[in-house]
Amino acid sequence: MFMLAIESTCDETAAAVIAANRSVLASRIASQQPIHDRYNGVVPELAARAHLERIVPMVRNVLEESRIDPFNDIAAVAVATEPGLPGSLLVGLSAAKALCIAWGKPLISINHVQAHIYACQIGRSCSIFPCVGFVVSGGHTNLYHCDSPCSWRYLGGTIDDAVGEAFDKVAVMLGLPFPGGPNLSQLAASGNPRAHSFPRPLLAERNSLNLSFSGLKTAVRYHLFGTGKQDFTSLNISAQNRADVAASFQQAVIDCIAGKAEQAVAATNLSRLCVGGGVCANLALRSRLESMSQKIGCELVLAPPELCTDNAVMGALAWEKYHLQEFSPLEIDIQPGLMRGK
Ligand code: KG4
Ligand code: ZN
């Protein structure tokens, strides 16, 4: 039997067909990048409308590619219903409900943040649970004590900007195209991470697992433009200095993420750390987490690079719920708000 998983929480419309053993028969992701490019960020109304255009082709594509007969071969339809942009979530959930009615299948709602952690499980035969789960994405920077795929406890997280959001905003200051994270990390590769000393907010607060990126972002802004009137289109620095600022900012972020991950492992006494979410695609962060984990003797599981940013394959989490018979009624609503855990 197979699971059809749908993802539409933000600006990627994705669908996947996943077997009970978690092997992937088909996976498609339609990016909305060209639509949001000129605004340097995701415009919710445009995102919702773009999902409407893309959702049916995405589902049709994965069904055709996997050559399954939905009436006989699909066990359930899974969809991310929280957290995310309201309009975007509504498109995915409505499509999933319609398919459930048409095929007579149960609906499984999944939490997008839990799914980002579950991406670490894909392709592995041994369970990754229990673990410290760390989601580093455009919307979240949260640490959890995860006992099992669907049971977790919030340990701490950002008190202001998410880490991906900070990457994207600093990228705008540096004149880089949207989405800023990957472009900034590419620029940082040619810069000196010790050129500028930006703050590491809350890193020294050893009795808290909270993080903060707003002050770091502002420090970069003041460094580049001063404290007066700021015009991000008028940055006049050398190419090398631009790369140095990118590398120094990225280094400050990496120190904070790796430092809080280390503190979370120590605080929970767990011996496994699982990291997912878009920023986990960052190569410098991945290598720092590797060295930190080796140093403290903790097993590190990073989401596969192609499953860090939003995708529907991580909706394989729905198989865990399927086995627990955790189905959702067709009256279920979306939960857009920032969910910290249960
Ligand atoms: O997980 P994701 O696709 O969406 C959310 O759930 O938020 O994460 C998107 C975020 C964006 O902020 C993007 O700039 C960032 O992940 N990102 C990166 C990299 N690749 C994606 N940030 C830093 N380095 C990267 N290589
Ligand atoms: Zn995400």
Give me the count of lysine pairs in region 131-307 whose alpha carbons sit under 19 angstrom apart, restricted to pairs 8 or more positions apart or on different chains.
5
What distance in nm separates the simple spin-label points at LEU330 and SER197, each placed 7 Å from Cα in the Cβ direction?
6.4 nm
Using helices alone, what [θ] at 222 nm do you get for the chain, with -39,500 (n - 2.57) per DSSP H run of 4 or more residues, divided over all residues and rounded to the nearest 500?
-13000 deg cm²/dmol
Of the accessible area of region 1-112, computed with a 1.4 Å probe and all protein chains kept, carbon and sulfur make up a percent value of 54 percent
Specify, per residue and in Å³, the volume enclosed by the convex hull of the alpha carbon atoms belonging to region 131-307.
111 Å³
If you average the C-alpha positions of region 18-90 and of region 217-260 separately, how far apart do those two centres end up, in angstrom?
35 Å
Just want to confirm a number: the relative contact order over region 254-342, from Cα pairs under 8 angstrom separated by 6+ residues, in percent.
27 percent
Charge dipole of region 131-307 built from unit charges on the beta carbon (Lys, Arg +1; Asp, Glu -1), centred at mean Cα; most positive-end Cα among MET173, LEU184, VAL220 is VAL220
For the chain, report the accessible area per residue in Å² (1.4 Å probe, heavy atoms, rounded to an integer).
42 Å²
Calculate the spin-label point distance for ASP255 paired with HIS323, positioning each point 7 Å from the Cα along the beta-carbon direction, and give it in nanometres.
4.3 nm
Run the dipole for region 131-307 about the Cα centre, Lys and Arg Cβ at +1, Asp and Glu Cβ at -1, nothing else charged, and hand back the magnitude in debye, nearest 20.
280 debye
Residues of type lysines that LYS105 reaches as a straight line, Cα spacing below 24 Å, ignoring anything fewer than 8 places off in the same chain:
LYS97, LYS321
Which value, in Å to one decimal place, does the Kirkwood hydrodynamic radius take for the chain when every pair of different Cα atoms is included?
20.6 Å
Dipole size in debye (nearest 20) for the chain around its Cα centre, Lys and Arg Cβ +1, Asp and Glu Cβ -1?
640 debye
From the phi angles alone, apply the Karplus equation (6.51, -1.76, 1.60; θ = phi - 60°) to region 51-56 and give each ³J(HN,Hα) in whole Hz, x where the residue is Gly or Pro.
4, 4, 6, 9, 5, 5
Unit charges at the beta carbon, dipole of region 131-307: most positive-side option, ILE257, THR268, SER234:
SER234
So the carbon and sulfur contribution to the accessible area of region 137-270, 1.4 Å probe, in percent, is 48 percent
Loop only per DSSP, at most 11 neighbouring Cβ atoms within 10 Å: give me the trypsin sites (Lys or Arg not before Pro) in region 221-330, ordered by residue number.
LYS229
Contact order normalised by length for region 2-117, with contacts defined as Cα pairs under 8 Å and 6 or more residues apart; what percent is it?
30 percent
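The values are calculated or read from the model by the stated rules, or taken from the named source; none is laboratory data. Note that the structure is predicted; figures quoted are calculated from it, not measured. Counting neighbours? That spans all protein chains shown, and the Cβs are built from the backbone with ideal geometry, glycine included. Note: areas computed on protein heavy atoms with side chains; ligands, DNA, RNA excluded. Shrake-Rupley method; radii C 1.70, N 1.55, O 1.52, S 1.80 Å.
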